[in-house]
Every structure is written in structure tokens, then in C-alpha cells.
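Data block below; observations after.
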Amino acid sequence: MAKEKEETPQVSRRSTRYSLSNFNSNNGMETEKLNESCKTTLDNLFFGQEPISLEGLLSCFPGRRVQILEVLRHLGPINSSMPPMFIYGSASTGKTSVVLQIFRHLNRPFVYVSCLTCYSPRILFESILNQLLLHKKNAANGYSSAKKCEKPSDFINFLREALINVIDRFNGNSSKMSTSKSKGVQVNGRMIYLIFDSFELVREWDKSSTILPFLFGLADNLKMPEVGMIFISNTSPDMYHSSTGYIDPVPVYFPEYTEEELRQIFMINQVNRKLYSSFLDIVLRPFCRITRRVDELSTAISMLFKKYCEPLSDVGVVPNEEMKRKLFSHLQPHIAPALNEIFRVASHSSLESEANQETRRKGSGRKSVSCGDFDVIDFHMSTSAKYLLISAFLASRNPATLDASFFDSTGGSDGRKRKRKASEKTTGKKEAAEQELLMKGPGTFVLERLLAIFQCITSVGEDLLDEEEEGDDGLGVGGGRDGLMSDVLLQLSSLCSGNFIVKGASCPLEGSTRYRSTVSEELALKVARSIKFPLSKYLYRR
């Protein structure tokens, strides 16, 4: 012990104080470097990449030309105020990507917040203020926000102050503009836009139902024409109607992609276009009958394309007819399992793990297990309610003029002569009317039309039941058509209470109440499969 004490070096008090001061100075220098590296400027309010032309913007998004031009029209020219805009459509229809690329094209400043990550009013308010105040959370500031804000009234005051400061800096009216490290961004106008993404999630954490009307009325409360509001949602505007007074935002509907549009999307940036085109000829159509979500399709199709290319030694080869037949024979056993798993595709890893286990299972046993989960919906619903839900979906998605051709046994002809070919002018008017109907989204319908479609599809369901074995009571329609029609009005009231169907105001011309279906095609197909109804056969496609 004495020896160890003798060998221990003696450190003087002076050297200890010097090392401590040296450590503090080094730590201070590192903190300053961290602050310099994390310092934000006005450039952070822009997209951050070189602006693209309108032609480049349209080429990036096949099938979204109408929606892009519609959003640009509502945004208007430079320095023009705009009413709040509500962009909605099913998941994975390109809403967020299109909006962000539009702002890249226009090179205008914006603040983007996602209600998926901002899952409370306080986090949402502080995220907006942090971006406007050019504040970034880091270790130097203790990962704290620029302003602590929990009340909507405080948020209005802080937001107005931050917006005025940013707009003044854009206009060059503040001396701070000269000290900011700008990269030479050309500011187009004095407008700034607030973008709220995944807006449908606000309904989940807004238990008091006060934040939704507050955000919709934010533009009226600010009274600043330099501020534009854009809401992006997976649900229609009918789901957000409230008794509080605010100006309804301008709706812009993003429909699901068609098969041809999906083909154009998947063909982008493909090296061997002929090989990939032959692959899409096999898999795209059956997959489109199940889902049209780009994220689900891309995950499943990418794995199938790897299987498709396994027999090839060179993936750059142009396939001939004999090679296409060989590749199809190799891919065919893998298509059915992939179709059964399409709704459960969450990530590449889960699909790869299923693919690794595929060789250990038999095809028949695999199909029997998957189909049971594939047709099950996540909530209980009676058979009549399922038929009524499908009827409402068809009434909203199909034009009323096509009901006879879909549901009449004669195809709507009634033995009359075939009509002569329409002129180009008539065809142009029809296409313009279809585009206008497409932009408006799902249409409304009266009760009489709903009951007529309901009666037609229940008769189709009974015909399908007659072809099956007796004793299968899974559908519970043993009482026939009268059993289904007896409680249809009660089921309609239940569907309206569950927001599957929205009840609107009475039409002044017709004098009858109109309804609108709010369910997605994905849910409607799932419900149709549970009662073995061929929904795709009765659904109008452009």
C-alpha cells in the first residue's frame, strides 16, 4: 500500500484548476460549434432543392395532372391571397408528395406539420412556432421549444407575431435580414403557407372537439391575407362538419390510381423497361382488383420481380415470347400467396420472412389459412348492413345514368335500337363532365336510389347463395329478401351514426334528403368479400 502511494503522481492545485478551466473552454467552444451547425435561416422555410419546371412536375406524377393544375389554380399567382384548401383522398394517392413538389416548383415558403408526429395540441402549436421562429431543438438548448404554448389563445398571439416577423424579413424591412446567412434564395412573393398533413388524426386526440374548428377557423382569427392554409386528409370534408361557424375550405379530391396510371408510376426509372413491362402485364391487373395503394403494391411487386428474374443470368436482356412463357411459369406459383398477403404487407422484412417460410408450407394449406384472415373485417356488422354499405358505396361512386346498365338484366337496352355513335363535341362534353365529377369526389344520392340498388344486389347475393351448399349460415340470410328488407331503415340509421354514410341537407329541387358514402374502396372490397359479393363487377372504372 505504501508503495502504491509513493507511485501515485502528485497533482498540484494549480494544474487541477488549469485543466478544469481548459475543459470548460473546450466545452464552450464545442457548444458554440454545435449552435453554429444547428443554426437555422430563412432558407429552412423553403423546399431545399432546386425548383423544377411545370413539365417536370407533371412528369413526376402520372395521373395527377388535373389535381396539380387545380391546386396551382387555387394557390394563385404571387402575392394573391387564397381561401383555405382541403386536399383529401385515400391513402397512398400522392397528396403530400404532390403538395410538397408544387411548393418546390413555385419556390414559396411554407411550414409543414404532420399530425402523425404532432399528436397533441401543444406539440402541434410548438412545432409550427419553432419553424417560424427559426428555432431547432438540440443539446445546446436542452431540446426545448422556442415558445411554450398549450392554449389556442396564446398560440394565436404567438403565431401572428412570428408570421409578421417572417414576412417583414422576406420583404427586407428588418435589419436582421442582412445578418442572416442566406444562400441567395429568390423569395417569390410575401405569402407563407401552413400545411397540416394527416389531418384526420386530429379527431383521435381532440377529445373535446375544440381543436378541429379552431384550426379550420385559424385563417379568420389571424386576419392576415399573407397566410394560406392547406389541410391534407385521408377522409372527406363531410367528416369534419361542425356547428361552429367557419368558412368551408375549398376541396380538392385525389382519386385512386387507375391501372394505366399505376403502370406509368412503376415504369419510372426502370433500367430494362421491356422486361419490367412484361412483368407488369402478368401481375398488375390481378393486384389492382384487390388494392390500388402504391405503397402496398410496390412492396409486393418488388418481391415478385425478384422471383421473376431468378431464371435470368442477365437482367438486361430483352425477353422474347419463349422467354416470357418460361418466366411466367416460374412466377405463377408465387402470385396467389402474394395476393392473399397484400393487406398484411407492412414492410420488406415481413414479406421476406414469409417468403422464407413459403417453401415449408403446402400450397393448399397456405391458401386455406390466408383466405380466412383475408375476408375478416375488424368490426361486427350484420348482413343487411353489409349489403346496405355496398349499395351506398356504389351509389356514391357510380353515375346514376349507369345504374340500368349495371343492375338491369337487359343491360339497360329494353329491346331498343342501338344508339348511333356520339359526335366529338358530345364526347368532349361527357369527358369534361366526368372530370368535374371526379374532382368533386364521391357523389350524393337519394334514398330511393339506395333502396333500388340494395334490392338488386341482394337478389344477386341470393343467386350466389343458391349455388352454394345448404347449411352454410355464414351470411345469415335464410329468411330471403324480406328478411333483408325488413330492417333496412334501421340499418341505415346505424350506418349514419357510425359515419359510414353521411346524411346531408335536403335538395331544394327534389325535396328529399341526400346521402353520401364515406368508406374507401379498400374497405368496401373487404366487406364485399366477407359476403362473397362481386363488387368489382358493378363498380364503374374510368
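Filtering region 526-536 to residues that are under 16 Å from Ser396 (Cα atoms) and open to solvent by 10 Å² or more (accessible area, probe 1.4 Å) leaves only Ser536. Given the criteria at pLDDT below 95 and either in contact with a His (Cβ under 6 Å, 6 or more places away or on another chain) or surrounded by fewer than 16 Cβ atoms within 10 Å (Cβ to Cβ) (or both), does Arg73 qualify? The answer is yes for Arg73. Please work out which residue is nearest to Ala528 (Cα to Cα), limiting yourself to region 257-288 and to residues that are among the acidic types (Asp, Glu) and open to solvent by 40 Å² or more (accessible area, probe 1.4 Å). Taking the candidates together, the pick is Glu259.
Every condition in (1) farther than 27 Å from Tyr253 by Cβ; (2) at pLDDT 90 or above; (3) not aliphatic (A, V, I, L, M) holds for Ser25 except the one numbered (2). Of the listed requirements (1) under 30 Å from the mean Cα position of the chain (by Cα); (2) in a loop (DSSP other than H, G, I, E, B), Val317 misses just one: (1). Evaluate the following for Phe254: is it more than 21 Å from the chain's Cα centre (by Cα) and of a type outside the set (S, T, N, Q)? No. Scanning region 90-105 for residues that are open to solvent by 30 Å² or more (accessible area, probe 1.4 Å) and either of a type in the set (Lys, Arg) or in a helix (DSSP H, G or I) (or both) returns Thr96, Ser97, Leu100, Gln101, Arg104, His105.
The requirement of being of a type in the set (Phe, Trp, Tyr) and within 30 Å of Val519 (Cβ to Cβ) is satisfied by Tyr119.
Test Ser236 against the stated conditions and say whether it is polar (S, T, N, Q), modelled with pLDDT under 90 and in contact with a Gly (Cβ under 7 Å, 6 or more places away or on another chain). Against the criterion (polar (S, T, N, Q), modelled with pLDDT under 90 and in contact with a Gly (Cβ under 7 Å, 6 or more places away or on another chain)), Ser236 qualifies. For Cys60, the conditions (1) open to solvent by less than 40 Å² (accessible area, probe 1.4 Å); (2) at pLDDT 90 or above are fulfilled apart from (1). The residues listed here are Thr291, Thr299; of these, the one that is part of a loop (DSSP other than H, G, I, E, B), among the hydroxyl-bearing types (Ser, Thr, Tyr), modelled with pLDDT under 90 and open to solvent by less than 50 Å² (accessible area, probe 1.4 Å) is Thr291.
The values are calculated or read from the model by the stated rules, or taken from the named source; none is laboratory data. Since the model is a prediction, treat every value here as computed from it, not as a measurement. Every residue, glycine as well, gets a Cβ built from its backbone with ideal geometry; the counts of neighbours run over all protein chains shown. Heads up: the accessible areas ignore ligands, DNA and RNA and are worked out on the full protein's heavy atoms, side chains in. Shrake-Rupley method; radii C 1.70, N 1.55, O 1.52, S 1.80 Å.
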